Amino acid sequence: MKVLRSRGFRWHGVEPRVYKEAGHSHGGVTRHLLLGGAPDQAALSFETRYLEVEAGGHTSLEYHQHPHAVVVIRGRGTVVLDREHHEVQAFDCVYVAPNEVHQFRADLGEALGFLCVVDRERDRPVSARKP
């Protein structure tokens, strides 16, 4: 059994990571791999991540073949699902279906933090932004 102790929205022993490589259309996002990435967690077929988008920031507008299960645990913002925009706040749950264009935005004046559960083995995202 493994317990990750938290202090606010940071977990002991979990360093924030770069969200994506430079050149992607995103801003103000950090990613924290909580469960599913360590060798002693190989039995998990999924990863649990915490992503935090600073006020005014956003994730990439993208799609991929794997689904996401998302639970907002901090703040408010907007999620884009295909062409629809939905305001979300703490404790809202979001299902991102395979191949659904999506983006998370902290566009309501505060940070947006969410847990994201994805398959450990998954395809790479494809940008949905027009060149």
Exercise. Using a 1.4 Å probe over the heavy atoms of the protein chains, calculate the carbon and sulfur portion of the accessible area of segment 18-131 as a whole percent.
Key: 52 percent
Quiz item: What residues have an amide H closer than 5 Å to that of GLY57, excluding those fewer than 5 places away on the same chain, when H is modeled at 1.01 Å from N in the peptide plane?
Solution: ALA106
Practice problem: Find the centroid of the Cα atoms in segment 78-131 and in segment 32-70, then give the distance between the two in whole Å. | Solution: 11 Å
Practice problem: Using a 10 Å cut-off on Cβ atoms, rank the peptides 33-41, 6-14 from the highest mean neighbour count down. | Solution: 33-41, 6-14
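Sorted by average packing, counted as other Cβ atoms within 10 angstrom per residue and highest first, what order do 78-86, 108-116 take?
108-116, 78-86
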Practice problem: Evaluate the relative contact order of segment 41-131 (contact order divided by residue number), counting alpha-carbon pairs under 8 angstrom at least 6 apart; express in whole percent. | Solution: 45 percent
Quiz item: What is the spin-label model distance, in nm, from GLN41 to LEU81 if the labels are put 7 Å beyond Cα along the C-beta direction?
Solution: 2.5 nm
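Excluding ALA38 itself, calculate the net charge of residues whose Cβ lies under 14 Å from the Cβ of ALA38, where each Lys or Arg counts +1 and each Asp or Glu counts -1.
Result for the local shell: +1.
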Quiz prompt | Pair ALA128, VAL71: separation of 7 Å Cα→Cβ label points (nm) | solution = 2.4 nm
Quiz item: Can you tell me the Rg and the Dmax, both Å, for the Cα atoms in the chain?
Solution: 14.3, 46
Self-check item: Solvent exposure of the chain as accessible area per residue, Å², 1.4 Å probe
Solution: 61 Å²
Quiz item: Roughly how many nanometres apart are two label points built 7 Å out from the Cα toward the Cβ at ALA55 and LYS20?
Solution: 2.5 nm
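The values are calculated or read from the model by the stated rules, or taken from the named source; none is laboratory data. Keep in mind it's a predicted model, so treat the numbers as computed, not measured. As a convention, Cβ positions derive from the backbone with ideal geometry for all residues, glycine included, and neighbour counts pool all protein chains shown. When the accessible area is computed, the model is the full protein with side chains, heavy atoms only, and any ligands, DNA or RNA have been set aside. Shrake-Rupley method; radii C 1.70, N 1.55, O 1.52, S 1.80 Å.
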